[in-house]
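Structure record follows, encoded as structure tokens.
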Amino acid sequence: MNMNPMPQQPTQPGGASPQQVALFNSVFRENCPFKFVFGGVTGFALGGVFGIVMSSFEFAGPQLTPALQELSTKEQMKIMLKDMGNRSYSSAKNFAVVAAIFSSSECFIEGYRAKNDIYNGAAAGCFTGGVLAAKGGAKASAFGCAGFAAFSTAIDYWMRHSD
């Protein structure tokens, strides 16, 4: 005989109920500081991978000078790998900044507008492009805004309409 008047909720492997998992997911999906950090971390990781791939295709590494040619293969590899690491780290930092600014600004805009549509990405793209180009002056900021907004809108449109 079951003395428990409450029905048992099915639990996830960690012991959390489906309602707890849904609450956890919604809190983090709607939390702008979390999106800022998550965007920065994932941007850093993706930028690092992108940097490694792109630096392996570039020939702008250490110049093949007679001094470098005189070094052993092991020493040449150390120099090349160090250069590849530096380029990868630089790319990772840039991607992290862009992703953090874009994802958090899109979250704040979506929260302010209380809508989830294509215009949030366009506005966040404009903001991100403008901020990233601000050192170049007003004209550069305007072009950065327009370019990043167009890119964000195109990606958002494609994501919403691809099957």
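Worth a mention:
- From the options I155, I109, I101, residue that is surrounded by fewer than 15 Cβ atoms within 10 Å (Cβ to Cβ), of a type in the set (A, V, I, L, M), within 30 Å of V27 (Cβ to Cβ) and within 18 Å of the chain's Cα centre (by Cα): I155
- Residues being surrounded by 15 or more Cβ atoms within 10 Å (Cβ to Cβ), touching an Asp or Glu at 6+ places or on another chain (Cβ under 7 Å) and over 23 Å from M159 (Cα atoms) are represented in region 56-69 by at least one member.
- The condition of being over 29 Å from S56 (Cβ atoms), without any contact (Cβ under 8 Å) to a residue 12 or more places away in the chain and part of a helix (DSSP H, G or I) holds for only one of E106, E110, that being E110.
- Annotation: of all residues in region 25-54 being more than 15 Å from A92 (Cβ to Cβ) and open to solvent by less than 60 Å² (accessible area, probe 1.4 Å), the one that is modelled with the lowest pLDDT is S26.
The values are calculated or read from the model by the stated rules, or taken from the named source; none is laboratory data. All values derive from a computational prediction rather than experimental measurement. Glycine gets a Cβ as well: all are built from the backbone with ideal geometry, and neighbour counts include every protein chain shown. Side chains are part of the model used for accessible areas, which takes the heavy atoms of the whole protein and leaves out ligands, DNA and RNA. Shrake-Rupley method; radii C 1.70, N 1.55, O 1.52, S 1.80 Å.
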